[in-house]
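Asker: Before anything else, here's the structure in question.
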Amino acid sequence: MTLTHLGAWVGGSAYGDVVVGLWNSGGNLLASSTITQSNFSALQLEGNFGYMELAGNVNLLAGEQYTLGAFYTGGVVAAYS
């Protein structure tokens, strides 16, 4: 599987900018993206979720565990494995 975008919930401006990252099970950062109010127009929106295209594609391996995390500069942190 090839990852081409990273995204996060962008439904409220009160959360500020969003830094999104993807790590492998070894703790290595594989990809990251920052969603800001200034690049909001470049987002691909689906509902209240915005997705930024990555500078380069990331190949995901079957059976590998990944962690997706998002930091909202307004103080919210979210992580999913």
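Asker: Please give the peptides 29-36, 47-54, 60-67 ranked by average Cβ packing (other Cβ atoms within 10 Å per residue), highest first, as a rough proxy for protection. Write down the numbers at each step before the final one.
Answerer: On the way: 29-36: 16.6, 47-54: 15.1, 60-67: 10.1.
Answer by packing, highest mean first, reads 29-36, 47-54, 60-67.
Asker: Just to be sure I understand the model, the point goes 7 Å from the Cα along the line to the Cβ. What's the resulting Asn48 to Asn24 distance in nm?
Answerer: 3.5 nm
Asker: On full extension of the chain, what length is gained from Glu64 through Thr34, given 0.36 nm per residue of separation minus the C-alpha to C-alpha distance? Display every interim value, and only then the final one.
Answerer: Working: separation 30, 0.36 × 30 = 10.80 nm, distance 2.45 nm.
Extra length available between Glu64 and Thr34 comes to 8.4 nm.
The numbers here are math on the coordinates, done by the rules we state, and not lab data. Quick caveat, the model's predicted, so the values are computed rather than measured. Positions of Cβ are backbone-derived with ideal geometry, glycine not excepted, and every protein chain shown enters the neighbour counts.
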